[in-house]
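The values are calculated or read from the model by the stated rules, or taken from the named source; none is laboratory data. Predicted, not measured: the structure shown is a model, and the values here were computed from it. Quick reminder, even Gly has a Cβ in these numbers, built from the backbone with ideal geometry, and neighbours come from all protein chains shown. SASA here: full protein model, heavy atoms, side chains in, ligands and nucleic acids out. Shrake-Rupley method; radii C 1.70, N 1.55, O 1.52, S 1.80 Å.
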Amino acid sequence: MALQLGDVAPDFTAESTEGTIHFYDYLGDGWGVLFSHPKDFTPVCTTELGEVARLKGEFEKRNTKVLGLSVDPVSSHESWAGDIKDATGQSLNYPLIGDPDRLVADLFGMIHPNASDTLTVRSVFVVGPDKKVKLTITYPASTGRNFQEILRVLDSLQLTAKYSVATPVNWVDGEDVIITTAVSDEDAKVRFPKGFKAVKPYLRYTPQPNR
Ligand code: BEZ
């Protein structure tokens, strides 16, 4: 059965462009984004890997380690890194796992046989400090991912882990958030001293509490 939200992400040991990776050790106490791509030396993947390298500082600000994977071997990733630099201007600054035996791909269900028997799909797993899966996204090979969206979700996950709030449609960091329905109005006055606006009894907006 596929990994679902709230499941514990499996630990693994694998070879990468930065040597042997022990997944849990690599994540430490922070957050992680594990993402697979279908194949080395392919155009969409080249743009994605360059973009993740460009955004590495943004992930670090969120105490988040990134880790890429494909079923090509590490030796192939290492040659491809030169092309990624030429094409995007970005040096690969995070590990890319080589998974020719599909050990990690199978653990995480990154091969979808009805899409392709041999290639990993574009999966994203966000893993929390408790090693539980907080987000899964699956894209087809023909569509590059939006890594700004992954950052946006990390902002939401990290905020909602600390406060009794949820984030509304298209929310980005800094915008008003929603007080969860488990919190009474009485309690909300204490917990959210900046106040709140009730559009409906169950839809109450408050300024982002950590701003
Ligand atoms: C790409 O990254 O461009 C790609 C990879 C596999 C299949 C199709 C496209």
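Observations on the structure shown:
- Filtering THR138, THR206 for residues that are within 16 Å of the ligand (Cβ to nearest atom) and touching a residue at least 24 places away in the same chain (Cβ under 8 Å) leaves a single hit, THR138.
- Subset of the stretch 115-128 (residues that are within 15 Å of the ligand (Cβ to nearest atom) and either without any contact (Cβ under 8 Å) to a residue 60 or more places away in the chain or among the small types (Gly, Ala, Ser) (or both)): ALA115, SER116, ASP117, THR118, SER123
- Any hit, the stretch 127-147, residues being open to solvent by less than 40 Å² (accessible area, probe 1.4 Å), under 28 Å from ASP29 (Cβ atoms) and of a type in the set (Gly, Ala, Ser): yes
- THR160 being at pLDDT 95 or above, within 18 Å of the chain's Cα centre (by Cα) and either open to solvent by 30 Å² or more (accessible area, probe 1.4 Å) or over 25 Å from GLN4 (Cβ atoms) (or both): yes
- Residue in the stretch 56-64 that is hydroxyl-bearing (Ser, Thr, Tyr) and within 14 Å of the ligand (Cβ to nearest atom) present: no
- Of all residues in the stretch 182-206, those satisfying the criterion of being part of a loop (DSSP other than H, G, I, E, B) and open to solvent by less than 90 Å² (accessible area, probe 1.4 Å) are VAL183, SER184, PHE192, GLY195, PHE196.
- Unmet criterion (only one of (1) out of contact with any Phe, Trp or Tyr (no Cβ under 9 Å at 6 or more places or on another chain); (2) touching a residue at least 12 places away in the same chain (Cβ under 8 Å); (3) open to solvent by 60 Å² or more (accessible area, probe 1.4 Å); (4) within 16 Å of the ligand (Cβ to nearest atom)) for ASP99: (3)
- Candidate set from the stretch 39-55 (those that are of a type in the set (A, V, I, L, M, F, W, C) and within 19 Å of LEU151 (Cβ to Cβ)); member that is nearest to the ligand (Cβ to nearest atom): LEU49
- Meets criteria (open to solvent by 40 Å² or more (accessible area, probe 1.4 Å) and in contact (Cβ under 8 Å) with a residue 12 or more places away in the chain) for GLY89: yes
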